[in-house]
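The values are calculated or read from the model by the stated rules, or taken from the named source; none is laboratory data. Please read all numbers here as calculations on a predicted model, not as lab measurements. So basically every Cβ, Gly included, is an ideal-geometry build from the backbone, and we count neighbours across all protein chains shown. In case anyone asks, the SASA skips ligands and DNA or RNA and just uses the protein heavy atoms, side chains included. Shrake-Rupley method; radii C 1.70, N 1.55, O 1.52, S 1.80 Å.
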Amino acid sequence: MKTQVGIIGAGPAGLFLAQMLHRAGIDSVILESKDQNYVMGRVRAGVLEQGAIDTLKEIGVGENVEAERMEHEGITFKFDGVERYIDVKALTGGRTVSVYGQQSVVRDLIDARNSYNEVKWHCPVSSISDFETDKPKIHFTENGEEKTLACDYIAGTDGFWGPSRQAIPAAKQRTHEFVYPYSWLGILAEAKPVSHVVIYANHENGFALQSMRSPEISRLYIQCDNDDDIKNWSDEMIWDELDLRLGQGTDFKLNRGPVIQKGISPLRSFVSETMRCGRLFLAGDSAHIVPPTGAKGLNLAVADVRVLAAGLTKAIKDGSEDILDQYEAICLDRIWKTQRFSWWLTTSFHRAKGMSTFEHKLQLATLHTIVSSEAAATSFAESYAGMPYIY
Ligand code: RFL
Ligand code: PHB
């Protein structure tokens with residue numbers, strides 16, 4: 001088997017990349033270890049930057065997003081008796097974010113792909129080889145049979161646990177990691193959201209967040225312990241805790257309804273500064289993880305693959321790797337700025353066990369600064385709405 005770009009993983013990064021390459025007239029094959037229903041059923045990201053929405057439209061996948069997205073002009077912060085709406089649109093000269101679930105993004109991109117070349121589902125990649133030559137290879141299994149895909153370039157869009165990053169020789173890896181002392185317990189519920197914007201709350205029991213997927217479906221999160229078990233939390237306990245933390249001493253009540261999905265996710269910050277090794281390029285969660293506070297993971301993946309698609313197109317069509325040579329530098333600038341934003345927002349809103357009163361007072365001072373200084377609020381809003389793209 002042969003193709004121009006071999007793509008490992010049909011998450012958002014791989015699917016966006018494949019669509020961009022297709023529009024540029026470049027062939028690709030996507031190998032995905034799971035099946036289509038599993039990938040389409042994964043409940044993850046919800047908030048997309050204006051740039052990610054515009055990218056979907058630019059690559060010809062904008063129809064559903066335009067009809068279904070819920071545009072958010074701001075966000076509400078609750079802490080220390082304060083409830084403040086941050087008007088992101090006004091502070092950034094008109095930029096907004098939108099709630100459009102990762103499930104919908106993935107569905108739209110898979111539908112687009114299926115119209116010309118299906119993803120190879122159930123094809124786990126076991127290893128990659130020869131990527132430091134001009135004949136890289138991807139080794140995978142299909143229906144129990146070992147196969148090889150020969151390609152000009154490999155895109156490692158296989159998430160944090162995939163094989164691409166692991167294939168880079170240890171001496172060439174430059175990685176940085178920070179693991180937080182708390183996790184997120186998230187639920188999806190058939191309940192009308194009470195607020196039409198996202199709410200972030202800092203409460204003495206920990207962080208809480210209300211978001212949504214549609215006018216009928218709420219998406220809600222609370223901070224929990226790293227060693228917590230979802231079995232420790234009945235639905236009623238979760239609703240009570242959400243009301244308490246989001247209420248901040250008022251008689252605030254969410255609309256309750258059947259919980260259709262629940263799970264716990266750890267929080268991690270991670271950067272692989274080595275995003276290229278010969279003809280292997282890492283993009284999305286395989287190269288970096290941000291904690292979900294700030295809602296940047298999928299958005300960063302889109303920014304990476306915009307650069308990668310431009311670089312691969314130029315390399316394959318014109319024989320020039322000059323954009324690919326800049327790939328790491330262009331991506332890492334955005335990645336580190338976004339890491340800083342996500343870490344800062346996470347540590348300002350969560351209560352770590354054993355946190356000193358000094359650290360807690362600093363958290364509150366940070367949040368009071370945002371709501372009392374237009375300059376500080378603007379800095380937050382610029383990051384939340386997302387930086388402009390280079391490519
Ligand atoms: P993914 O989505 O992990 O996809 C990688 C794909 O690779 C496949 N794979 C393999 N395929 C073949 N062979 C192998 N050996 C393979 N190993 C792995 C996997 O099956 C999978 O299909 O990575 P990608 O494409 O880089 O996308 C990243 C995003 O999914 C992630 O950054 C976001 O979900 C993060 N995120 C959010 N991002 C936002 O921009 N806005 C948000 O509001 C937001 N909220 C969130 C989030 C992530 C969360 N969790 C659960 C981590 C909220 C949560 C709770
Ligand atoms: C979501 O809607 O899933 C969501 C919203 C805001 C975040 C993270 C996730 O910071």
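Tabulated values for the structure
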| quantity | calculated |
| --- | --- |
| Top-ranked residue of the range 1-41 - restricted to ones that are charged (D, E, K, R) and within 20 Å of Ile138 (Cα to Cα), ranked as most open to solvent (accessible area, probe 1.4 Å) | Lys2 |
| Subset of the range 12-45 (residues that are near ligand 1 (Cβ under 7 Å from one of its atoms), at pLDDT 95 or above and under 16 Å from Asn299 (Cα atoms)) | Pro12, Ala13, Gly14 |
| Residues satisfying the stated conditions in the range 252-287, i.e. touching a helix residue (DSSP H, G or I) at 6+ places or on another chain (Cβ under 9 Å), more than 29 Å from Val305 (Cβ to Cβ) and part of a loop (DSSP other than H, G, I, E, B) | Phe252, Lys253, Leu254, Arg256, Pro258 |
| Residue that is farthest from ligand 2 (Cβ to nearest atom), among those in the range 5-32 that are touching a Leu at 6+ places or on another chain (Cβ under 7 Å) and not hydrophobic (A, V, I, L, M, F, W, C) | Gly6 |
| For Gly354: the one exception among (1) surrounded by fewer than 21 Cβ atoms within 10 Å (Cβ to Cβ); (2) modelled with pLDDT of 95 or more | (2) |
| Single residue of Val106, Val88, Val119 found to be buried (at least 20 other Cβ atoms within 10 Å of the Cβ) and closer than 30 Å to Ile370 by Cα | Val88 |
| Qualifying residue in the range 62-84 (condition: open to solvent by 20 Å² or more (accessible area, probe 1.4 Å), within 15 Å of ligand 1 (Cβ to nearest atom) and over 22 Å from Gln19 (Cα atoms)) | yes |
| Test for Ile238: is it within 16 Å of ligand 2 (Cβ to nearest atom), surrounded by 22 or more Cβ atoms within 10 Å (Cβ to Cβ) and among the β-branched types (Val, Ile, Thr) | yes |
| Close pairs from the range 64-89: first closer than 14 Å to His196 by Cβ, partner in a strand (DSSP E or B) and small (Gly, Ala, Ser), Cβ under 7 Å, at least 6 apart | Arg69/Ser98; Met70/Ser98; Glu71/Ser98; His72/Ser98 |
| Any hit, the range 210-228, residues being away from ligand 1 (no atom under 16 Å from the Cβ) and within 27 Å of Glu71 (Cβ to Cβ) | yes |
| Residue that is within 16 Å of ligand 1 (Cβ to nearest atom) and open to solvent by 20 Å² or more (accessible area, probe 1.4 Å), where the choices are Thr148, Thr157 | Thr148 |
| Residues that are β-branched (Val, Ile, Thr), in contact with a helix residue (DSSP H, G or I) (Cβ under 7 Å, 6 or more places away or on another chain) and either in contact (Cβ under 8 Å) with a residue 60 or more places away in the chain or open to solvent by 20 Å² or more (accessible area, probe 1.4 Å) (or both), drawn from the range 184-230 | Ile187, Ile199 |
